[in-house]
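The structure appears right after this line, and notes come after that.
The values are calculated or read from the model by the stated rules, or taken from the named source; none is laboratory data. All figures in this text were calculated on a predicted structure; none of them were measured in a lab. A quick note on method: Cβ atoms are made from the backbone with ideal geometry, for glycine too, and the neighbour counts reach across all protein chains shown. Each accessible area value is taken on the protein alone, full model and side chains, heavy atoms only, with ligands, DNA and RNA left out. Shrake-Rupley method; radii C 1.70, N 1.55, O 1.52, S 1.80 Å.
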Amino acid sequence: MKDSPIVFGLYVPPHPHPLLAPEKNEGWGKLRQAFDTARKRIEESDADIILIYSTTWPSVIGHQIQARSNPEWVHVDDDFHYLGSMPYKFEMDSDFSHQYHENCGKRGLNSRTIDYDGFPIDTGSVVALSLLNPDNRLPACIVSSNVYANRAESIVLGKAARDTLEQQGKKAIVVVVSSLSNRMFTDYIKPEDDRIHSAKDQEWNQKIMQFFQEGRLEDLSQLSREIHNQIRVQKVVAYKPIWWMAATMGQNNNYQGEVLAYASLHGSGGAVIQLTPTTGSIGDKEFDEDDIEFYTGDRHVLDNG
Amino acid sequence: MGEIVAGCLAPHPPHVVYADNPEQNEPNSEGGWETLRWGYAKLARKLKTLDYDAIVIFTPHWQTYVGTHFLGLPHFKSKSVDPVFPNLFRFNYDLNIDVELSKSMHEAAKDAGMVTMMMENPDFRIDYGTIVSAHMINPEWNKPIIPISSNRNSHYYSVEVMNEQARALGKACRKAILESDKRVVLISSHSLSHRHFTVESELPEDMSKQHIYNHSNYVWDMKLIDLMRQGKMDEVINLMPEFTEQTIAETDSGSLTWMMEAMGMPDYPAEIYGYQSVIGTGNVIASWDPNPDTREVVL
Ligand SMILES: [Fe+2]
């Protein structure tokens, strides 16, 4: 895939255990090794930028795009503060962030760039960048997940990211920070007792990973609403990361997939998965949702009834 | 014996701190949201007349999924930046925690069978909800605070489960306070209806653009405020699941339920200090004064 602006995509978990405590549980250690493998592959690639969509960065005023050149702080997770602090100093591609923001506007989406000292970069982004890009070898860009956004906004947000890559002639590692099943245990557990919260979550995670392994990204995108209903805690309106990932990488099933590791993180499904664009395809099996190029806002159906 | 001298519903849109321009906050504004800010100023004046030792704040913006967490270190100094409105709120804080009372509330909740934890990481940042509410009711910051995290039972189970858990937590905190020698003010930090506009006007404090998200949310907010005025908090708490689901209310945190239970479910009128919408959300400032001699009809 010489012409694709996407080198490969990664789907990685948001919780800090692989960064802060990989030695405490075999699964957490395997996730850490998978992060390390992905880091090496990024280093060996010809990518210009790491582009992150994080489910642990919620926003309200449209989508927010991190544009501060060198954000620096010591981050502590709200729940897992006892695992330790996460000092960070990252490097963002501000040019990319500003143009991404402009391209969102061109596709009808409200967005804004963020450039403030002390802005709290979310746990998922801190974990991903610390492990995948520890020396800031590549500049990054992080985009938030709007709490009210649904499919149309998320797809268009992905397309605006791809527009920007094409305009700037940059090759990206696309990173989605999200659990598979995201239900955690609501009590403390010993690290050795960690497991996937339920048999149902486990089965669905395996099904999703099978799709990933077969390179069926757009099929997963088409099945997103079902996945949300089955195994996502109803914190937000939809399971959005897979929509953004497909729209950014290309809405098709032409990928080579590899699950580098899968393990529970306090009950949630954590997986490090790589998807690389290829020419072969398994075919389009699950397509029934419409595609969308521009976001035209709420349709005010109640007002017009 | 300890005592709860007042309980305040103190919403935390960062806009009110931004509009007030305190020296701790980096951005500058031309004002805005006076109905809320003047209400807060009046409430702050009233609290100054009360004799109390500490402020206990239940905050929706320290969100925990594994139990309820309490702060276990005496002092925090840093900058709190609102992840949603960083353009409005970048607040340099330097605050003290009443760790003794924090620990005893933690113990009481644990003894009652709840999942709890003390947060003892010195790098932890205090959330903007805690800071906005604490600043607006006590801009001098001359009392220690005790923030309590919001366990997201509404997300994981249902608003009904949240209501029950928050009541249990309220009972435990009440027990710990009464068994202490502290006089405390409780703060329930949140809006009522909580649907936001997803666009912000160019000048955030342009008051010609501020209104409630929809009429349904307004009617629900007024229904709750009316019940507060009548002293029917039992009914408010019973309505909580329906209200929260209908208006995507920030009561999903369990904060108001916690406070009402800790105060023994007031059957006397609340003092109402103001109602105003902020970027679509509905916000009321209210206070429950258990002392009939000092209780006022404010608005
Ligand atoms: Fe809030």
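Suppose we keep only residues that are within 12 Å of another protein chain (Cβ to nearest Cβ) and touching a helix residue (DSSP H, G or I) at 6+ places or on another chain (Cβ under 7 Å) within region A:81-94. Which one would you say is nearest to residue A:50 (Cα to Cα)? My answer is A:88. List, please: which pairs have Cβ atoms under 8 Å, are six or more places apart or on different chains, and start with a residue in region B:1-24 that is more than 17 Å from residue B:135 (Cβ to Cβ) and away from the ligand (no atom under 13 Å from the Cβ) and end with one that is open to solvent by 10 Å² or more (accessible area, probe 1.4 Å) and of a type in the set (Gly, Ala, Ser)? Close Cβ pairs satisfying both conditions: B:2/B:180. You will find that of A:250, A:257, the residue that is in contact (Cβ under 8 Å) with a residue 40 or more places away in the chain, more than 22 Å from residue A:293 (Cβ to Cβ) and either open to solvent by 40 Å² or more (accessible area, probe 1.4 Å) or not β-branched (Val, Ile, Thr) (or both) is A:257 and no other. What number of residues within region B:47-63 satisfy the criterion of being open to solvent by less than 40 Å² (accessible area, probe 1.4 Å) and touching a Lys or Arg at 6+ places or on another chain (Cβ under 7 Å)? Of the residues in region B:47-63, 3 are open to solvent by less than 40 Å² (accessible area, probe 1.4 Å) and touching a Lys or Arg at 6+ places or on another chain (Cβ under 7 Å). Quick one: would you say residue A:117 is within 14 Å of chain B (Cβ to nearest Cβ) and open to solvent by 50 Å² or more (accessible area, probe 1.4 Å)? Criteria met by residue A:117. Within region B:191-213, restricting attention to residues that are within 14 Å of chain A (Cβ to nearest Cβ) and in contact with a Ser or Thr (Cβ under 8 Å, 6 or more places away or on another chain), the residue that is most open to solvent (accessible area, probe 1.4 Å) is B:209. Being among the polar types (S, T, N, Q) and open to solvent by 10 Å² or more (accessible area, probe 1.4 Å) is a property that does not hold for residue B:283. Of all residues in region A:155-168, those that are open to solvent by 20 Å² or more (accessible area, probe 1.4 Å) have Cβ atoms under 7 Å from Cβ atoms of residues that are among the β-branched types (Val, Ile, Thr), 6 or more apart or on another chain, in A:162/A:248. Listed here are the helices (runs of 4 or more DSSP H) enclosed by region B:212-292 that have at least 3 residues being within 16 Å of the ligand (Cβ to nearest atom): B:255-262. Checked against (1) assigned to a strand (DSSP E or B); (2) crowded, with 22+ Cβ neighbours inside 10 Å, residue B:130 passes all but condition (1). One residue stands out in region B:174-190 among those that are part of a loop (DSSP other than H, G, I, E, B) and within 16 Å of the ligand (Cβ to nearest atom): the one that is surrounded by the most Cβ atoms within 10 Å (Cβ to Cβ), namely B:189. Checking each residue in region B:53-94 for being within 17 Å of the chain's Cα centre (by Cα) and away from every other protein chain (no Cβ under 14 Å) picks out B:54, B:55, B:56, B:57, B:58. Within region B:191-204, residues that are in a loop (DSSP other than H, G, I, E, B) and more than 15 Å from the ligand (Cβ to nearest atom) sit with their Cβ atoms under 9 Å from residues that are of a type in the set (Lys, Arg) and open to solvent by 50 Å² or more (accessible area, probe 1.4 Å), at 6+ positions apart or across chains, in these pairs: B:200/B:209; B:201/B:209; B:203/B:209. Take the residues of region B:150-173 that are more than 16 Å from the ligand (Cβ to nearest atom) and of a type in the set (Ser, Thr, Tyr): which is least open to solvent (accessible area, probe 1.4 Å)? Result: B:156. For residue B:141, the conditions (1) at negative phi; (2) part of a loop (DSSP other than H, G, I, E, B); (3) open to solvent by 10 Å² or more (accessible area, probe 1.4 Å); (4) in contact with a strand residue (DSSP E or B) (Cβ under 9 Å, 6 or more places away or on another chain) are fulfilled apart from (1). In region A:136-154, is there at least one residue being within 14 Å of chain B (Cβ to nearest Cβ), open to solvent by less than 10 Å² (accessible area, probe 1.4 Å) and over 18 Å from the mean Cα position of the chain (by Cα)? Within region A:136-154, none of the residues are within 14 Å of chain B (Cβ to nearest Cβ), open to solvent by less than 10 Å² (accessible area, probe 1.4 Å) and over 18 Å from the mean Cα position of the chain (by Cα).
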